[in-house]
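Engineer: Provided herewith is a single structure, encoded as structure tokens, for subsequent inquiry.
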Amino acid sequence: MHLELLERFLNQPDSEDTAQCHIFTDISWQQYEALLEDIGDDFPGLHVTYLEGTLELMSPSRRHESNKSAIGSLLEAYFQENQIRYYPLGSTTFRKKAKSRGAEPDECYCIGTEKEFPDIAIEVVKTSGGINKLEVYQGLEVPEVWFWRNNKFSVYCLRGNHYEQMIRSEFLPNLDLELLASFVLNPEPLDAVLQFREAIRASY
């Protein structure tokens with residue numbers, strides 16, 4: 001069954017600017033894990049999300065991947081300039097069988113020390129609909145989730161069993177998210193990082 005799901009998804013037409021996304025229902029945990037095993041390292045761009053029997057397969061667009069890489073490069077420049085100890089975990093698969101949840105963030109980080117689950121998960125949103133990512137991350141107990149949507153960041157912090165939208169990151173309270181967003185939009189990645197570093201130094 002899991003091979004059929006993968007074949008159906010891979011047979012969809014590609015798009016440079018639109019992520020390909022498909023939802024499957026009534027998928028068991030065993031099918032989900034078998035699909036992850038089949039995918040392995042052969043489909044590095046394929047993201048799989050699982051929530052209580054619903055499975056989402058997403059193949060990011062070129063623009064999605066460009067934004068994701070820019071955010072990662074800029075954040076790591078921020079960590080380095082501020083001497084913040086960080087552990088980048090990229091799009092690692094995180095899952096909890098007891099909660100029937102699994103996710104692969106676009107980017108994610110542990111701050112201070114490396115942990116089983118990230119402190120910050122980042123999702124680049126280019127399509128509407130799909131699985132509620134906050135509900136997935138709540139079950140994984142990820143403290144902070146960022147969404148990059150419509151050229152700006154939205155930050156959500158875990159409060160018990162729900163997320164509350166915040167105006168800034170609790171892990172990075174001094175980070176100006178509007179400033180960061182302006183450099184994500186720079187079409188020249190090298191210039192963006194160099195200029196962002198200058199802006200950080202100028203703020204000291």
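The values are calculated or read from the model by the stated rules, or taken from the named source; none is laboratory data. This structure is a prediction, so every number in the text was calculated from the model and none was measured. Neighbour counts run over all protein chains shown; Cβ positions are idealised from the backbone, glycine included.
Engineer: Tell me, yes or no, whether segment 30-39 has at least one residue that is aromatic (Phe, Trp, Tyr), at pLDDT 85 or above and either in contact with a helix residue (DSSP H, G or I) (Cβ under 7 Å, 6 or more places away or on another chain) or exposed (fewer than 14 other Cβ atoms within 10 Å of the Cβ) (or both).
Structural biologist: No: zero hits.
Condition check ((1) part of a strand (DSSP E or B); (2) in contact (Cβ under 8 Å) with a residue 24 or more places away in the chain; (3) closer than 20 Å to Ile111 by Cα) across all residues:
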position: Phe147; (1), (2), (3): yes, yes, yes
position: Leu180; (1), (2), (3): no, yes, yes
position: Asn186; (1), (2), (3): no, yes, no
position: Phe196; (1), (2), (3): no, yes, no
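Engineer: Tell me, yes or no, whether segment 166-176 has at least one residue that is part of a loop (DSSP other than H, G, I, E, B), of a type in the set (Asp, Glu) and more than 15 Å from Gly72 (Cβ to Cβ).
Structural biologist: yes
Engineer: Let me ask you something else. Out of the residues in segment 103-121 that are surrounded by fewer than 23 Cβ atoms within 10 Å (Cβ to Cβ), within 15 Å of the chain's Cα centre (by Cα) and not charged (D, E, K, R), state the one that is farthest from Leu36 (Cα to Cα).
Structural biologist: This residue is Cys110.
Engineer: Of the numbered conditions (1) of a type outside the set (Asp, Glu); (2) at pLDDT 90 or above; (3) more than 27 Å from Leu179 (Cα to Cα), Gln80 fails exactly one; give the number of that condition.
Structural biologist: It is condition (3) that Gln80 fails.
Engineer: Every residue in segment 45-78 that is touching a residue at least 24 places away in the same chain (Cβ under 8 Å), over 12 Å from Gly102 (Cβ atoms) and surrounded by fewer than 16 Cβ atoms within 10 Å (Cβ to Cβ), please.
Structural biologist: If the condition is that a residue be touching a residue at least 24 places away in the same chain (Cβ under 8 Å), over 12 Å from Gly102 (Cβ atoms) and surrounded by fewer than 16 Cβ atoms within 10 Å (Cβ to Cβ), then Arg62, Arg63, Ser69 are the ones that fit.
Engineer: What are the residues in segment 122-143 that are closer than 14 Å to Ala103 by Cα, charged (D, E, K, R) and surrounded by 16 or more Cβ atoms within 10 Å (Cβ to Cβ), if any?
Structural biologist: Glu123, Lys133
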